[in-house]
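Single-structure report; data block below.
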Amino acid sequence: MPASGADLAAATSVAVWGGGREGRAALAALRRRDPDRALHWIVTAAELEPCRQFAVDAVPGPVTVHAEGAADAMLGHFDLVVKSPGISLYRPDIVAARHAGTRFTSGSAIWFADHAQARTICVTGTKGKSTTAALIAHLLRGGGQRVALAGNIGRPLLDLELEAEPDWHVIELSSYQSADLDIAPGVAVLTNLVEEHLDWHGSLERYRHDKLRLLARAAAVVAPDGIAVQTTGRLHRFDVAEGWQVAGAQIRFAGQDRLSIANLPLPGRHNAVNLCAALTAIDAAGVDAAALLPQLAGFQPLPHRLQELGLREGIVAVNDSIATTPAAMLAAWQCYRDRPLVLVVGGHDRGLDWSAAVQALARQPPLRVCAQGANGVRIAALLREAGVPVSVHDDLAAAVREGQAVLTQHLRRASLAHGGDAGGAAGNNHNAGVLLLSPGAPSFPQFSDYTARGRAFAAAAGYDPAGIAQMQGLGVA
């Protein structure tokens, strides 16, 4: 069972593990629960000094900060460890410590244990979960509900304790977070399920299990057709004829056209499907989703997700840094494949299967694929064998420069072929060439996260990285 406030109070020695956003939120929450408790904080060597300063500034009371790997940071020293999501539950040192009696929990587990009566809509899935969660929150707020938007989307759940209680909690949960959660959400949403995060979970079977455990005890489950779901709750399918469905150029409900896809504030069929998931979740929560459709006009797309940064010299730069799987990359490619396109791919190599992505690109190749990152050489070899134009680069900036050069040359040739008139290609986004960052791989160790990678792409493409908007709508509103 998740650790509750009572469990924390009973533990004689407690450590927080992780120096990022989740770790800081957990440390502050523990201090709010017990102003005098001696706390321990395990962080990386690089995080030692900034974390010590954070503890002094934001967490009054005794906090000892330890470097990972040091003798005084050994997990067996502590009764209870509050672990950040990025640290795999299946690491050998965690397995050994658990056998020795150390309990592990998370900030999310603590929040759920202490807020069992909260009305929750929990969203998970390989891709699309942030957009789906943001859509649900936006539509409910448009209908007059007070809604908290938090979780993996960028606001730790424990931070919500500082805000007024909302009508609904819309919570994005990654597989890292759901792996050790034993909860019963009001509504659990699964957007999709494909191969991902094998380095954390150890196998595809375990990844699927850790994702689907969120659905087991939910009062209502929302899932796409074709994915087997074991749940004690009511099952609602989306993108099916009897429910909310993408059909041609329309979003339909029970076979009736309700909204033209051309009027959505989000590009791509996959985002239309995300909207269907969101609408189905709202209906499952007992709210009339159809009545909220007019609120879509005010939705702001999330940054780093098919984000068009601007048009320069006939080239639109598109930041899709959030795309960390080949499947997500293909969804982005499908939005732009009928235009002059250079695709920038590559990053951390998790050993994911690129064969389906390579086959799709081979059927309609872009002008060039610029591969970089740790798996760039492997991806390039597969693409080259399939006849897709590809080049390999040392870093993201070099890949962007090559992509711009390829597109510029193509646009120049097109202009000459039309007697010096490229048919307006440089004059509007719809006809322009596209430089698309959709890596299909995680950002580290090149970048701290996908947002840092997106900002680096913007800078390399000639845009102000500070101009990329921050996530809107987090917290209670």
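The values are calculated or read from the model by the stated rules, or taken from the named source; none is laboratory data. Remember, predicted model here, so these are calculated numbers, not experimental data. Positions of Cβ are backbone-derived with ideal geometry, glycine not excepted, and every protein chain shown enters the neighbour counts.
The number of residues in the stretch 92-141 that are in contact (Cβ under 8 Å) with a residue 24 or more places away in the chain and part of a helix (DSSP H, G or I) comes to 21. For the stretch 364-392, a tally of residues being in contact with a Ser or Thr (Cβ under 8 Å, 6 or more places away or on another chain) and over 26 Å from A414 (Cα atoms) returns 2.
Those strands (runs of 3 or more DSSP E) of the stretch 241-288 in which 3 or more residues are touching a residue at least 12 places away in the same chain (Cβ under 8 Å) occupy 244-247.
The residues of the stretch 250-280 that are over 24 Å from the mean Cα position of the chain (by Cα) and under 22 Å from V318 (Cβ atoms), listed by number, are A262, N263. On the given criteria, is A277 touching a strand residue (DSSP E or B) at 6+ places or on another chain (Cβ under 8 Å), buried (at least 17 other Cβ atoms within 10 Å of the Cβ) and not assigned by TED's automatic domain parsing to the domain that holds A397? Taking the combined requirement at face value, the residue satisfies it.
When R350, R378 are checked against the criterion of being out of contact with any Cys (no Cβ under 7 Å at 6 or more places or on another chain), on the phi < 0 side of the Ramachandran plot, of a type in the set (K, R) and at pLDDT below 95, a single residue qualifies: R350. Just one of the listed residues (L30, L8, L89) is of a type in the set (A, V, I, L, M), in contact (Cβ under 8 Å) with a residue 40 or more places away in the chain and farther than 22 Å from D159 by Cα, namely L89.
Among the candidates A357, A328, A362, A381, the residue that is outside any loop (DSSP other than H, G, I, E, B), under 21 Å from S174 (Cα atoms) and hydrophobic (A, V, I, L, M, F, W, C) is uniquely A328. Q334 meets the stated requirement of being surrounded by fewer than 22 Cβ atoms within 10 Å (Cβ to Cβ), more than 15 Å from the chain's Cα centre (by Cα) and of a type in the set (S, T, N, Q).
The condition (being under 30 Å from L311 (Cβ atoms) and crowded, with 22+ Cβ neighbours inside 10 Å) is satisfied by just one residue among Q364, Q372: Q372. Candidates in the stretch 190-222 are the residues that are of a type in the set (G, A, S) and within 20 Å of R350 (Cβ to Cβ); of these, the one that is surrounded by the most Cβ atoms within 10 Å (Cβ to Cβ) is G202.
If you go through the stretch 69-90 and keep only what is over 22 Å from S178 (Cβ atoms) and surrounded by fewer than 17 Cβ atoms within 10 Å (Cβ to Cβ), you end up with G69, A70, A71, D72, M74, G76, H77, D79.
Looking across the stretch 417-467, just one residue is over 16 Å from the mean Cα position of the chain (by Cα), modelled with pLDDT of 90 or more and polar (S, T, N, Q), and that is Q446. For the stretch 177-210, the candidate set comprises residues that are closer than 22 Å to A116 by Cβ and in a helix (DSSP H, G or I); within that set, the residue that is nearest to the chain's Cα centre (by Cα) is Q177.
Any residue in the stretch 171-189 that is surrounded by 15 or more Cβ atoms within 10 Å (Cβ to Cβ), outside the structural domain of S84 (by TED's automatic domain parsing), at positive phi and in contact with a Lys or Arg (Cβ under 9 Å, 6 or more places away or on another chain)? No, that holds for no residue. When A414 is tested against the conditions (1) in a loop (DSSP other than H, G, I, E, B); (2) modelled with pLDDT under 95; (3) small (G, A, S); (4) assigned by TED's automatic domain parsing to the domain that holds D353, the lone failure is (1). Here is a check on your reading of the model: is D320 closer than 30 Å to F253 by Cα, of a type in the set (D, E), at pLDDT 95 or above and crowded, with 24+ Cβ neighbours inside 10 Å? Taking the combined requirement at face value, the residue satisfies it. Looking only at the stretch 91-114, how many residues end up being surrounded by 19 or more Cβ atoms within 10 Å (Cβ to Cβ), small (G, A, S) and farther than 30 Å from V187 by Cα? Of the residues in that region, 1 qualify.
When residues in the stretch 341-361 are screened for being surrounded by fewer than 22 Cβ atoms within 10 Å (Cβ to Cβ), more than 20 Å from F447 (Cβ to Cβ) and touching a residue at least 40 places away in the same chain (Cβ under 8 Å), 2 of them pass.
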